[in-house]
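Please read the structure below before turning to the comments.
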Amino acid sequence: MLTIRRILEMEVFANSALVAGCNGIDREVRWAHPVDIPQASEWVRPGELLLTTFFGLRDDPEAQLRLCGELAAKGLAGMVVAVGQYLDHVPETVRAAADAANFPIIELAWPVPFEDVVRSVGEQIINEQYQVTKQSLAIHQSLTRLVLDGGSLSDVARELCLLLKRAVEIDDISFHVLATASESENDIDESRRTSIREGHSSPGLLNYLRRAGLLTKVRGSLAPLRIDPGEQTRAEGMTMARILAPIVVAKKIYGYVWIIAGERELEPLDFAAIEHAATVAALILFRDETAHQTEERLESRLISR
C-alpha cells in the first residue's frame, strides 16, 4: 500500500519537505491529481494526493485555509504545494489547520514538474496493484489445491497463516471455532486467545458487533469487512484490527473467516486473500455436507431393507 510516508522516500520528492500533518503520514495514496482552481475540492476524490501551486488562491488566505479543511474532510491523502513562485511557504495558519486534522502537506521545490510527480506516483501504484494481483492469484491456486487434495478447514487456516504471516480463524455460523492457525502468541490479542480457549468468539465482542451494525453489514454485503479496535472492543480484549469475511454458498452464510492484523497494518492483499479463503472454505463445507447427506441416505436405505 502506497502511503505518504513512502511517497516521501521517492526520488521525485527528494527536494521536498513535510511541513504539516505528520501524524497522517500513513494515509493511503490512491492517485495524484494536479488541480489549480479555487474549487479544487470539487475535482478530487478520497485517497487522492492533490498537487497545487495555490495560483488561484495566492491572494486569499481564508480560501487557502478553507481548502485545507475541505480536503481533509473529504478524506484526501494529502496535499503537495509547489513553493518558490506564488508562495515561498505554506502559510502558518494552513499548516496549523492541517496539523489539527492530521492532514499531510508537502512543500515541493518549484523546478520539479507536477508531471514527474504524477508519473512516479502512478507507476508505483500500478506496480503495487500488479504485485497484489500476482500474489493473490498464487494464494488462490495454493488454497484451491487444498480442496482438490481433500484438505480440511484446518489445512486452509494453516496455509493462509503461512502465506500471509497472520493469525487466521474459521468459525461456523454461530461463531464456534472450527479451525485456527497462528505463528506466534504475539499475532493474536486476548479476545482471540479467549475464543481459541473456549471454542467460540467472545459473547461481549459479538454483542458489540451486533449493536454497531457490523454483523448486519457483513451479512448484507456478503463481503469482507475491516474491524478496527476501539474503546468498547478493547474492553472485550480486542486490541488488534481484523478482517471478517462470510463463508457463502448460494447466497447463504455457513460461517466466517477471520484474519488478525497482528503487529503489522492490514494490506490490500489480506482482503483479496480472505475472499479466496472464504470461497475455498465454502467448497469444503459444501463437500463435507454433501458427503454427510450421502452417508445418511445410504444408512437409511440399509435400515429400510
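We did not get these values from a lab; they are worked out from the coordinates using the rules stated. Note that the structure is a prediction, hence the values are computed from the model and not measured. We place every Cβ from the backbone using ideal geometry, glycine too, and count neighbours over all the protein chains shown.
When DSSP beta bridges are limited to those with both residues in the chain, what percentage is antiparallel, rounded to the nearest 5? Walk me through the numbers before you get to the answer.
Working: 27 of 40 bridges.
Rounded to the nearest five, the antiparallel share is 70 percent.
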Give me Rg over Rh for segment 205-259, both radii from the alpha carbons and Rh done the Kirkwood way, two decimal places. 0.99
Backbone HN-Hα couplings from phi across segment 198-213 [Karplus 6.51/-1.76/1.60, Hz, Gly and Pro as x]: 9, x, 7, 5, 4, x, x, 5, 5, 4, 4, 4, 5, 4, 7, x
Based on Cβ point charges of +1 for Lys and Arg and -1 for Asp and Glu, what charge dipole magnitude is obtained for the chain about its Cα centre, in debye rounded to the nearest 20? 1180 debye
Compute the separation of the alpha-carbon centres of segment 87-130 and segment 230-263 and state it in Å as a whole number. 35 Å
What's the angle, to the nearest 10 degrees (0 to 90), between helix 153-164's Cα axis and the longest principal axis of the chain? 20 degrees
For segment 239-291, the spread of Cα positions along each principal axis, largest first, Å: 40, 20, 18
Count charges around residue 227 for me, please; just the other residues with Cβ under 15 Å from its Cβ, Lys/Arg as +1, Asp/Glu as -1. +1
Excluding residues fewer than 8 positions from residue 165 in its own chain, the lysines with Cα under 26 Å of it are 134
Could you give the dipole magnitude of segment 4-122 about its Cα centre, charging the beta-carbon of Lys and Arg +1 and that of Asp and Glu -1, in debye to the nearest 20? 340 debye
Over the chain, what per residue volume does the convex hull of the Cα atoms give, in whole Å³? 154 Å³
If you find the alpha carbon centre of segment 1-66 and of segment 132-172, how far apart are they in angstrom? 39 Å
What base-10 log of the normalised intensity I(q)/I(0) is obtained for segment 4-122 from the Debye formula, alpha carbons as equal point scatterers, at q = 0.22 Å⁻¹? -1.36
Charge tally for neighbours of residue 38 with beta carbon under 14 Å away, counting Lys, Arg as +1 and Asp, Glu as -1, is -4
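Test of the criteria: in segment 1-35, which GluC sites (Glu not before Pro) are in a DSSP loop and have at most 16 other Cβ atoms within 10 angstrom of their Cβ? Walk me through the intermediate numbers first.
On the way: sites: 9, 11, 28; in loops: 9.
Those that pass, being in a loop and sparsely packed, are 9.
Quote the Stokes-Einstein diffusion coefficient, in whole µm² s⁻¹, for segment 115-196, based on the Kirkwood radius over alpha carbon pairs, a temperature of 37 °C and a viscosity of 0.692 mPa s. Can you show the working numbers first?
Details: Rh = 15.0 Å.
Once the numbers are plugged in, D ends up at 218 µm²/s.
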P(r) over all Cα-Cα pairs of segment 150-300, 5 Å bins from 0 to the longest distance, whole percent per bin, short to long, reads 2, 10, 20, 23, 21, 13, 6, 3, 2, 1, 0
